[in-house]
Structure formats: C-alpha cells, structure tokens
Amino acid sequence: MATIKRGVSLYSYQEEYFLRTMKLEDCIKAVSDMGATGVEIIPEQMCNEYPDLSPEFLKKWFGWMEKYHVQPTCADAFSEALLFKNRVLSDDELVDLMERDLKVAHDLGCFVIRTLCTTPMRVIERSLPLAKKHGVKIGLEIHAPLDLGSSWFDPYQDLIDRRGTEWFGIIPDMGVFELKPSRIKADRAIRDGANAKIVQYVNDAYDAKADLKKVREDIAKMGANAEDFKWLGLCARILHTDPQVLKKHKGHIFHVHAKFYDMLPDFTDENLDYEVVVPVLKEIGYDGWLSSEYEGNRTIDDAFPVDSIQQVSRQHEMFKRLIGEK
Amino acid sequence: MFDKYIVCPYGLRNVIDEHGSIEGFELKIRIPYYRGVPLSVVDSLKITIGAETFTNESIRFTVASGSFTMSEMSTVATRRWNFDEDATLKVTRPGGLVYFDQRVEVLIAIRAPYGIFTGHDVKVLSLEPDKYLAVAAK
C-alpha cells in the first residue's frame, strides 16, 4: 500500500551550512542517517553554480544520491519579481525565470519546484507548458498567513478545474496548523525585553481562547512594554487551519513542507498539529513526502547553540510513529 | 536573521593604493538571509565607524563573481552573492582607520520577492596588517 514518505529540506541545516560546519554532502548524509529518503533543496542556498549547474557538480550530486540511498524531491524557487529596485519584473520575465528554475530542478532530478505565493497565477498558468516540457511540476506553496480553507484559493481551484493537476498543484506548509505560541519564541521575546509575567499572561489567555482585544487592555494596565505588545501581536497572528481542510485538497497536494520550530526530547511537537495532520494525510491517501523544514534556529541562535540534526531527527521519530513505519 | 554573523570577526584592515597612500579600509560581511542572491537585490548598505557613515559610492562590494560600488549594485542581476560567501567591502576614506580597535556597525537590507530582510550587527574589531594593492605584482 502506498504510504507517506519521509524527507528533509536541506533548508533545515542552514545554520550549520552557513557556519560552514556542514557541507552539502554532510547535509545529504544527515538525511540518510535517519532513514529518510527524500532530499529537498534550495538551489540558491547550497548550489553556488546556480542557475547554471555544471556536469561536474551534477555528477557529484547524483553520486551522493546513490551513495546515501536518497533521492531528490523538490527544488525551491523564488521568482525574483523585485530583481530591480525601480520596477517589478514583467510577466514575460517571470515566465523566463520560471523556466530557468524548472530546468535547474530537472537537472537536479527533482519532480517538483516550489513557487511562492507572490508568483502571479497568470505567470503560473503561462508556465504550465514549460513544466511539461521539462517534466517538472509547479507546486504553489501555501504558507501562513494564507488559509487552506479560505476563498483565497478559489482562483487556483479554478485553474485546477480548467487545466488539471498534472503540472500544477500545491505544497502546503505545516506552519498553517499552529496550535499555540511556541515556547522558544516566548523565551526569545523575554530575552528581547518582554516581561515574563506578561508573556505568561498572554499565553494563558491564548490557551483560554480569551478575547485578545481585552488581553491588550489588560496587559496595558499591567505596564506592558513594546516587546510585550509585539508578543501579543505574534500570538494574535497564529494560524490554526482545521486539518480536515486537507481533504478538500486531496488529489493536488504534490509535496508537504513539514515546518517546525522546536521538537521536544520526547519526540513531540507541542506547537504544531502533526498528531491530527498526519492521520488526515493518511486518510486521504497522500503518498508523497513529508519534507522537514526546521526553522527554530533563527529564534534560539542569539542565546543557544543550534543542533539542526538533533531537531530534525526528533521530528522524524514522531513521523515514524504517526505514519506507522516499522 | 543571522544578524550576529554579519560583520566577520576577521578582515578589517587599511588598504594602500598603488601610489603608496592609504585610500581607505575594508571589512568582510555575511548575508543576513537564508540563500544567496543576485547583487541587485542588496537593497541598501550602511557602514558606521565612530561618527562617520558610509554608503553608495564610498563602498565597493566584492564577491567572487564581481566587484561593484553600492551605487552600481542595483543593476547587477547576473552576478550573485552566495549564501556561504564572505563579501569584501572596501570603503573609501583617505588616511584609512587610525585606531587599532574599531567599533564597526553594519546595517543591510535584502529585497526578497516577499519582503525586506534587514540585518544589523555591531562588533569591535582590531585592525589586521595593511593590504597593499601592489602594482609590482602585475
């Protein structure tokens, strides 16, 4: 029976890569070491030859895929619409960039590219023949604050109805299923100058589903400072889409960005709703990748060493349990 | 993001031109973003040393793929600053830096398609041995 597969976006190891303690091969090995098999990459992050990948580089790349028993999945593209300061790129130029990225993805052996929600839909539609030409799908990333269940998606549903789902689909980012304020972000707010007492008050109010307008008045009375209000603002923007909405998207989910900020030592994530999300993905027969995207580094790195390998490994322990992997 | 890594802890030194006079100083920086970018999206860059600030014409930005003044950068779409790469900033300041220990402040903004990533870093660095732009070596 088809089953959900485990993968990692090498984005997850960006802190170590940036600090030059892990090279590209080390990142690929880290994926393999956890028994995961999918490798997602931001070519602009880890392929310095982008956008013209040389045969020498590609030979090394596919050599690593073979050596570590993994396979390329998704290449993340950016559609640099603001390439110039004085104007936005034209649709023609954006289609050219899309083709460039489809070609890079093809060279890397990826089956899909991630395009950002800032890419105009008409550019995506015009690029569909190019997707076919290069044999690479275009996946629209749906990232917080976009809501998988809202009418925002209607024009894209219309595109799917008109053009099918062979070359266009979605890549939901699991950050849209956020349950509660994350502990590491709260701690960071306090390090940045928020009052621990007020942060706790806001968190309790959030858990109790209190009216945040009233909470705002309450903390003003408690003497809240700018960082306290910033924390309240951050909590007010937390998006928890009902995971059941994934059923509506059955059939056009190409890939999943398994975003997370902090995995606990007991292999649970108290911040994101994976306990519900993964069973729903199973129920709808999703047999693509859960591709880890660790993003806690930027929250903790002012005060703590970052261990991306450990964080991603913990998430994969959780996935093994939720997927039912033996 | 990566703010605390922007100013490299190494690489601050005076630069001596081919005529033997100190034309300025240079320092190295890292990118405050999670990928490499075309140089044209390095939206702004400001260096502050003591009471002096430097921008635009007075900064020459150099990476492996090319070397441009900050005033020129906005048109450079086909040369890239890689994610893992130090950029060298040469700042025109006749006489260079005088004090051995310098407080160096960098404010930088990267224009991503979905918003601006800003970075800010301040470090106290010690001057390394001068760099000579040697004519003799040519």
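Could you tell me whether A:TYR50 is hydroxyl-bearing (Ser, Thr, Tyr), within 24 Å of B:ILE29 (Cα to Cα) and without any contact (Cβ under 8 Å) to a residue 60 or more places away in the chain? Considered against the rule, which asks whether it is hydroxyl-bearing (Ser, Thr, Tyr), within 24 Å of B:ILE29 (Cα to Cα) and without any contact (Cβ under 8 Å) to a residue 60 or more places away in the chain, A:TYR50 comes out as yes. In the set (1) under 26 Å from the mean Cα position of the chain (by Cα); (2) not assigned by TED's automatic domain parsing to the domain that holds A:GLY296, the condition left unmet by A:GLY175 is number (2). Free of Cβ contacts under 8 Å to residues at least 60 places away in the same chain, closer than 21 Å to B:LEU39 by Cβ and surrounded by 17 or more Cβ atoms within 10 Å (Cβ to Cβ): does that describe A:LEU102? Considered against the rule, which asks whether it is free of Cβ contacts under 8 Å to residues at least 60 places away in the same chain, closer than 21 Å to B:LEU39 by Cβ and surrounded by 17 or more Cβ atoms within 10 Å (Cβ to Cβ), A:LEU102 comes out as no. When we screen A:GLY251, A:GLY223 for residues that are within 30 Å of A:PHE319 (Cα to Cα) and part of a loop (DSSP other than H, G, I, E, B), the only hit is A:GLY251. Scanning segment A:282-311 for residues that are of a type in the set (A, V, I, L, M), within 12 Å of A:ASP262 (Cβ to Cβ) and assigned to a helix (DSSP H, G or I) turns up just one, A:ILE300. Filtered by the rule that a residue be of a type in the set (A, V, I, L, M) and either crowded, with 16+ Cβ neighbours inside 10 Å or within 14 Å of chain A (Cβ to nearest Cβ) (or both), segment B:41-85 gives B:VAL41, B:VAL42, B:LEU45, B:ILE47, B:ILE49, B:ILE59, B:VAL63, B:ALA64, B:MET70, B:MET73, B:VAL76, B:ALA77.
Yes/no per residue for (1) closer than 20 Å to B:TRP81 by Cβ; (2) touching a residue at least 12 places away in the same chain (Cβ under 8 Å); (3) aliphatic (A, V, I, L, M):
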{"position": "A:ILE41", "(1), (2), (3)": "yes, yes, yes"}
{"position": "A:MET46", "(1), (2), (3)": "yes, yes, yes"}
{"position": "A:GLU56", "(1), (2), (3)": "no, no, no"}
{"position": "A:PHE62", "(1), (2), (3)": "no, yes, no"}
{"position": "A:THR73", "(1), (2), (3)": "no, yes, no"}
{"position": "A:ASP76", "(1), (2), (3)": "yes, yes, no"}
{"position": "A:GLU80", "(1), (2), (3)": "yes, yes, no"}
{"position": "A:SER90", "(1), (2), (3)": "no, no, no"}
{"position": "A:GLU93", "(1), (2), (3)": "no, no, no"}
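Within segment B:110-138, the set of residues being in a loop (DSSP other than H, G, I, E, B) and within 13 Å of another protein chain (Cβ to nearest Cβ) comprises B:PRO113, B:TYR114.
Listed by position, the helices (runs of 4 or more DSSP H) enclosed by segment A:6-72 that each have at least 3 residues that are surrounded by fewer than 21 Cβ atoms within 10 Å (Cβ to Cβ) are A:24-33, A:55-67.
The residue that is nearest to the other protein chains (Cβ to nearest Cβ), among those in segment B:1-34 that are among the small types (Gly, Ala, Ser) and either touching a His at 6+ places or on another chain (Cβ under 6 Å) or in contact (Cβ under 8 Å) with a residue 40 or more places away in the chain (or both), is B:GLY11. Of all the criteria given as (1) more than 10 Å from every other protein chain (Cβ to nearest Cβ); (2) assigned to a strand (DSSP E or B); (3) within 23 Å of A:LEU97 (Cβ to Cβ); (4) of a type outside the set (Phe, Trp, Tyr), the one not satisfied by B:THR88 is (3). Scanning segment A:53-92 for residues that are more than 24 Å from A:GLY169 (Cβ to Cβ), within 14 Å of chain B (Cβ to nearest Cβ) and of a type in the set (D, E, K, R) returns A:LYS85, A:ARG87. Scanning segment A:73-99 for residues that are crowded, with 20+ Cβ neighbours inside 10 Å and assigned to a strand (DSSP E or B), which turns out farthest from the chain's Cα centre (by Cα)? So, considering only residues that are crowded, with 20+ Cβ neighbours inside 10 Å and assigned to a strand (DSSP E or B), the one farthest from the chain's Cα centre (by Cα) is A:THR73.
For segment B:45-71, name all the residues that are of a type in the set (Ser, Thr, Tyr), assigned to a strand (DSSP E or B) and under 18 Å from B:ILE6 (Cα atoms). Selection gives B:THR48, B:THR53, B:THR62. Only one entry in B:LEU97, B:LEU107 is away from chain A (no Cβ under 14 Å), buried (at least 16 other Cβ atoms within 10 Å of the Cβ) and part of a strand (DSSP E or B), namely B:LEU107. Of the set (1) without any contact (Cβ under 8 Å) to a residue 12 or more places away in the chain; (2) in the same structural domain as A:VAL199 (by TED's automatic domain parsing), all apply to A:ALA224 but (1).
The values are calculated or read from the model by the stated rules, or taken from the named source; none is laboratory data. Computed from a predicted structure; not experimentally measured. Using ideal geometry, Cβ is built from the backbone for each residue, glycine included, and neighbour counts are taken over all protein chains shown.
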